[in-house]
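**Q** Pasting a structure here, questions to come.
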Amino acid sequence: MELRQLLYMVATAEESSFTRAAARVRVAQPAVSQQIAQLERELGQRLFDRSERRVRLTPAGEAFLPHAKAVLEAAAAGRDAVDSLRGVLAGRLTVGTVPVPPAWLLDLLAAFRRRHPRVRLTLRTGDPEGLASEVASGALDLALIGVAAARLPAGPAGQRLRAGLASRTVSAEPLVVAVAPGHPLAAASETTVAALRGEPLLTLTHGSGLRAALIAACSEAGFLPDVHTETDDLTLLADLAARGFGAALMPRSAAERSRPPLAVVPLAGPALLRTTALVWPRDRVTAPARAFLDLCDEDLHDEDLRDEVLRDEDLRDEPDGQGR
């Protein structure tokens with residue numbers, strides 16, 4: 001049993017095609033078929049059902065697949081460990097982020113990639129509560145999430161970050177009102193939250209920072225928001241606003257990047273901000289995650305990377321452990 005056989009087997013299982021698997025691993029298709037057939041002979045079981053156009057795993061293949069992946073991951077970890085002895089950072093960095101991440105995060109990831117080309121990068125989006133849970137469980141190395149003070153934006157009062165998570169507030173971006181170009185608010189140089197009373201509003205689903213910000217701002221202005229449409233996708237939210245579904249409270253960068261274009265109306269008075277923080281496990285920081293955090297430290301004072309940066313702070317749980 002050879003590593004390349006396991007690699008070809010996993011690629012074929014994930015692509016459901018010998019041809020696509022061959023393109024993925026950059027070898028000729030007959031080589032993939034031959035090596036998998038040899039592996040099947042060694043195991044004494046068919047791993048794939050080839051009776052239809054779409055290649056599917058047999059029960060034996062389903063049972064073998066997680067073990068094949070584990071062997072490949074262990075081999076990659078071994079190579080990374082050897083590389084680290086030579087001072088070369090390798091491994092995998094798995095980062096979670098809010099939907100439509102800010103440009104500075106993508107710039108930072110690009111700089112990290114240039115500095116550490118051997119590190120494999122995985123980027124996932126999600127809601128703040130889900131991302132924080134994945135960091136706590138080890139599924140993510142770190143995540144950029146929306147916060148309100150030391151709280152996640154889940155529920156009316158929010159939920160405190162877990163005691164096992166370290167965090168650093170890294171940026172704050174103004175929220176704006178985004179509407180279709182033909183909307184009555186589109187020509188305004190600025191507006192207020194009070195002007196949204198009675199307007200059909202768009203927002204993200206429950207648990208998101210934007211929805212929490214919208215509800216809090218409207219409550220402060222003395223009314224409940226009239227939410228007509230909701231989605232869990234910030235890009236789709238912008239698309240809906242651009243097509244006249246209603247007004248949306250959005251981060252300025254997301255509104256300005258929208259295609260089709262939106263009318264972006266600043267809010268008068270005290271700014272409403274999308275505050276984001278990096279969170280990571282206190283007692284379990286991988287070498288790639290530490291290198292990324294170090295790079296973030298270097299760039300905290302780089303005004304070319306971000307326009308607005310908040311001071312570092314530690315968002316610990318309170319002693320009562322509320323919301324855990």
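A short reminder: the numbers here are calculations on the coordinates, not readings from a lab. This is a predicted model, so every value here is computed, not measured. Positions of Cβ are generated from backbone atoms using ideal geometry, with glycine treated the same way; all protein chains shown enter the neighbour counts.
**Q** Could you check what % of the DSSP bridge pairs in the chain are antiparallel, to the nearest 5?
**A** 60
**Q** Let me ask something else. Restricting to segment 113-254, what percent of DSSP beta bridges are antiparallel, rounded to 5?
**A** About 55 percent, rounded to the nearest 5.
**Q** Okay, moving on. Could you order peptides 129-135, 15-21 by the average number of other Cβ atoms within 10 Å of their residues, highest first?
**A** Ranking, from highest mean packing down: 129-135, 15-21.
**Q** Which angle between 0 and 90 degrees, to the nearest 10, do you get for helix 59-85 versus the longest principal axis of the chain when only C-alpha atoms count?
**A** 80
**Q** Could you tell me the center-to-center distance, by alpha carbons, between segment 233-293 and segment 95-134 in angstrom?
**A** 14
**Q** Compute the helix-to-body angle for 128-137: its Cα long axis versus the longest principal axis of the chain, expressed 0 to 90° and rounded to tens.
**A** 40
**Q** Just to be sure I understand the model, the point goes 7 Å from the Cα along the line to the Cβ. What's the resulting residue 45 to residue 1 distance in nm?
**A** 1.1
**Q** Relative to the first principal axis of the alpha-carbon coordinates of the chain, what is the inclination of helix 287-299, with its axis defined by its Cα atoms, in degrees from 0 to 90 and to the nearest 10?
**A** Orientation of helix 287-299: about 30 degrees from the principal axis.
**Q** Mind telling me which of 267, 210, 65 comes out most flexible in a GNM of the chain, alpha-carbon contacts under 10 Å?
**A** Looking only at 267, 210, 65, the largest GNM fluctuation is found for 65.
**Q** Which of the peptides 45-53, 188-196 is most tightly packed, and how do the rest follow, judged by the mean count of other Cβ atoms within 10 Å per residue?
**A** 188-196, 45-53
**Q** So for the chain, taking the charge dipole from beta-carbon charges (+1 Lys/Arg, -1 Asp/Glu), which of 106, 194, 241 sits furthest toward the positive end?
**A** Final value for the positive-end residue is 106.
**Q** Which label marks the calculated value of Cα extents along the principal axes in Å, given the options [x] 80, 80, 40; [y] 77, 43, 30; [z] 72, 46, 40?
**A** Structure-derived value, by its label: [z].
**Q** Given a Förster distance of 41 angstrom, what is the FRET efficiency for residue 223 paired with residue 103, based on the Cβ-Cβ distance and rounded to 0.05?
**A** The formula returns an efficiency of 0.75 here.
**Q** OK, next. Kindly provide the helix-only [θ] at 222 nm of the chain, computed as the sum of -39,500 (n - 2.57) over DSSP H runs of four or more divided by all residues, to the nearest 500 deg cm²/dmol?
**A** Result for the chain: -12000 deg cm²/dmol, rounded to the nearest 500.
**Q** Shape call for segment 172-273 from the C-alpha gyration tensor, a ≥ b ≥ c root eigenvalues: rounded (a/c under 1.5), prolate (a/b greater than b/c) or oblate?
**A** Rounded, since a/c falls under 1.5.
**Q** Of the DSSP beta bridges with both residues in segment 172-273, give the percent that are antiparallel, rounding to the nearest 5.
**A** In segment 172-273, approximately 55 percent of DSSP beta bridges are antiparallel ones.
**Q** Sticking with this one: For a Förster distance of 51 Å, can you work out the FRET efficiency between the beta-carbons of residue 188 and residue 287, rounded to the nearest 0.05?
**A** 0.50
**Q** While we're on this one: Using a Gaussian network model of the chain with C-alpha springs under 10 Å, which one of 33, 167, 253 is most mobile by mean-square fluctuation?
**A** 33
**Q** A follow-up question, please. Gain in length, residue 27 to residue 236, computed as 0.36 nm per residue apart minus the alpha-carbon separation, to one decimal in nm?
**A** 71.4 nm
**Q** Moving to a separate point now. So if R0 is 25 Å, what FRET efficiency would residue 82 and residue 110 give, r being the distance between their Cβ atoms, rounded to the nearest 0.05?
**A** 0.40
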